[in-house]
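Accompanying notes for the structure given below.
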Amino acid sequence: MKHTILFFAYSEWANRRGHHDLVLELAGKNRVAFIEVMPRYGEARARNAGDYVGNYFNGRTQTISDNLVVIPSPPMMPYALPIVSSIWRKQFAQLSIRLSKKIQARYIKKKIRELGWEPTMVICCEAFDLLHTGRFGKGVYCYRTYDEIGNFFSNRYIADVIDELEVKNMHKVDFVFASSRAQFEKRKALHPHIFLVPNAGNFRHYNEAVTNGVKRPVDIGDIPSPIIGLVSVIDFRIDLALLKAVALAHPEWSLVLVGPVRDYSFEGWEENISGLRSLQNVYFLGRRDFKSLPAYMKYFDVGLIPFQVTPATNTMYPYKLHEYLAAGLPVVSTDLYELRPHRDVVRLAGSGDEFIRAVEEELEADSDMKKQKRMEVARQNDWAARAEQMLCLAEGKRG
C-alpha cells in the first residue's frame with residue numbers, strides 16, 4: 001500500500017458528492033479514512049443524521065472496501081448562536097471551532113490507533129480543518145479548496161472567522177490544491193506550493209448513459225420529449241426564475257429536475273418553488289440513487305447548469321459539467337467564470353433570453369461529432385486523473 005490517507009470531508013458519506021469519487025480513486029492504491037461530518041442542513045441531509053449520530057455514539061467505523069473506511073467525527077459545537085452578544089460573537093465562534101477540532105482530533109487519533117494505521121498524508125477540505133495540521137504525525141498535509149465557504153454564510157462575522165483561519169493557518173500545510181481558477185488566484189500569494197487541480201467527473205459511471213443499454217426510468221416513462229434536465233440539489237444557487245422562464249417560453253418542453261429541494265426560510269424561496277411546481281411541464285423527481293443517474297441522463301436532450309451568477313457561484317467549478325459531458329449531453333449554463341475555458345463544449349448565456357435561445361439551438365443542431373467531442377473532454381477530466389495529479393505533486397515535495 002502506497003499511502004495511508006486521512007481525508008477530512010465536508011459532508012457525510014451517505015450524501016454522495018464529487019469528493020466521494022476523488023476519495024474512491026485515491027483508495028484504489030492507498031488506504032483512506034474518510035472523516036465525515038454531521039449533516040448540517042436541509043431535509044434530505046437531516047434524514048442521514050440519525051444514522052450518523054448512531055454510528056458515532058456507538059463507535060462504528062464503516063468499511064466501504066479493503067482500502068476505505070468511513071469514520072464519523074464528533075459533531076461540531078455550535079459556533080453561530082444569536083443569543084451571544086454581537087460584541088463577543090466572533091470570539092465565541094473562534095473558541096468553539098478550536099475546541100471542536102481538538103475534540104475531533106483526539107477522537108480520530110483513537111479510531112486510527114484501533115485500525116493500526118499510521119497516516120502518511122492528511123487532506124482537508126475546509127479552513128476549519130487546517131487546525132489539524134501537524135496533529136496526525138509527520139506525513140504530508142494538504143488543503144483542497146472546493147468552494148469559498150465564507151460566501152455561503154449570511155452572518156458576515158462567520159465568513160470573517162473562516163477567512164482569518166485560512167490566512168493564519170494555510171502556510172502550515174505542505175500543499176494547497178485549488179479546485180477553480182478563482183480560488184487559485186485568491187491564494188497564490190499565500191502559499192509557495194499551490195496548484196490548480198480543478199473539479200472533475202466520474203467518466204466511467206456517467207458514460208454508462210452511452211455505453212450501456214440502460215432502461216428508461218419508470219418515473220420519466222410518460223414524460224414527453226424533449227426533456228431539458230437538471231441533476232442537482234435544488235438550493236439557493238439555482239436561478240429558479242430562469243427555470244420558470246424556460247418552462248413558460250416552451251410549454252412543449254419537459255423540464256425535469258432530479259435532486260432534493262432544500263428547505264429555506266428566506267423570503268421568496270417557497271413562493272418560487274411553488275410557482276415552478278404549478279407548471280404542467282415541470283417535474284420535480286426528488287433525490288435519486290447515484291447508480292441510477294446515467295439512466296436519467298440517457299433520456300435527457302439537454303443538461304442545464306442554471307446557477308445564479310453571484311460571488312459564491314462564480315468561484316465554483318461545477319463538476320456537473322463533466323458528468324453531463326460524459327453522458328454525451330449538450331450543456332447550457334449561465335455565464336459562470338470557471339466554465340469559460342470550456343466554451344467549445346458548453347453554451348454560456350448572459351441573460352434569460354440567451355439561455356432559452358441556447359437550449360433551442362442545441363436541440364436543433366446537435367450531432368454525433370459534437371457528442372464525441374463532449375465525451376472526449378469528459379474523459380480528460382476524470383477524477384482518476386485528478387487523484388493521480390494530487391499524489392504526484394505531494395510525492396514530489398516529499399522527495
Q: For Glu354, state whether it is surrounded by fewer than 19 Cβ atoms within 10 Å (Cβ to Cβ), out of contact with any Cys (no Cβ under 8 Å at 6 or more places or on another chain) and part of a helix (DSSP H, G or I).
A: yes
Q: Mind listing just one residue for me: the one in the stretch 376-399 that is over 21 Å from the mean Cα position of the chain (by Cα) and part of a helix (DSSP H, G or I) and, of those, farthest from Ala241 (Cα to Cα)?
A: Arg398
Q: Mind listing whichever residues of the stretch 100-133 are more than 29 Å from Leu190 (Cβ to Cβ) and among the hydrophobic types (A, V, I, L, M, F, W, C)?
A: Ile112, Leu115, Trp117
Q) Within the stretch 248-279, can you find the residues that are surrounded by fewer than 19 Cβ atoms within 10 Å (Cβ to Cβ), in contact (Cβ under 8 Å) with a residue 24 or more places away in the chain and polar (S, T, N, Q)? A) Asn272
(Q) Return the residues of the stretch 187-198 that are farther than 16 Å from Met390 by Cα, touching a residue at least 12 places away in the same chain (Cβ under 8 Å) and out of contact with any His (no Cβ under 9 Å at 6 or more places or on another chain); say none if nothing qualifies. (A) Arg187
Q. Of all residues in the stretch 109-123 being closer than 16 Å to Pro74 by Cα and in contact (Cβ under 8 Å) with a residue 12 or more places away in the chain, which is surrounded by the fewest Cβ atoms within 10 Å (Cβ to Cβ)?
A. Lys109
Q: Could you tell me which residue of the stretch 127-159 is farthest from Ser96 (Cα to Cα), considering only residues that are surrounded by fewer than 15 Cβ atoms within 10 Å (Cβ to Cβ) and among the charged types (D, E, K, R)?
A: Lys138
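So that you can scan it fast, the table gives a plain yes or no per residue for (1) under 17 Å from Ile238 (Cβ atoms); (2) out of contact with any Phe, Trp or Tyr (no Cβ under 9 Å at 6 or more places or on another chain); (3) of a type in the set (Lys, Arg):
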{"position": "Asn314", "(1), (2), (3)": "yes, no, no"}
{"position": "Leu329", "(1), (2), (3)": "no, no, no"}
{"position": "Arg340", "(1), (2), (3)": "no, yes, yes"}
{"position": "Ala349", "(1), (2), (3)": "yes, no, no"}
{"position": "Glu362", "(1), (2), (3)": "no, yes, no"}
{"position": "Lys371", "(1), (2), (3)": "no, yes, yes"}
Q: Output the number of the condition that Ser73 fails; it satisfies all remaining conditions of (1) at pLDDT 90 or above; (2) under 16 Å from Leu6 (Cβ atoms).
A: (1)
Q.
Quick check on this structure: which one of Glu208, Glu126 is among the charged types (D, E, K, R) and touching a Pro at 6+ places or on another chain (Cβ under 6 Å)?
A. Glu208
Q: Those residues that are crowded, with 18+ Cβ neighbours inside 10 Å, of a type in the set (Ser, Thr, Tyr) and assigned to a loop (DSSP other than H, G, I, E, B), I need them from the stretch 203-247; list them, please.
A: Ser232
Q. Is it the case that the stretch 340-348 has a residue that's of a type outside the set (S, T, N, Q), in the same structural domain as Asp219 (by TED's automatic domain parsing) and touching a Ser or Thr at 6+ places or on another chain (Cβ under 6 Å)?
A. yes
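The values are calculated or read from the model by the stated rules, or taken from the named source; none is laboratory data. Bear in mind that the values here come from a model prediction, so they are computed numbers and not experimental data. Cβ sites come from the backbone with ideal geometry, for glycine too, and all protein chains shown count toward neighbours.
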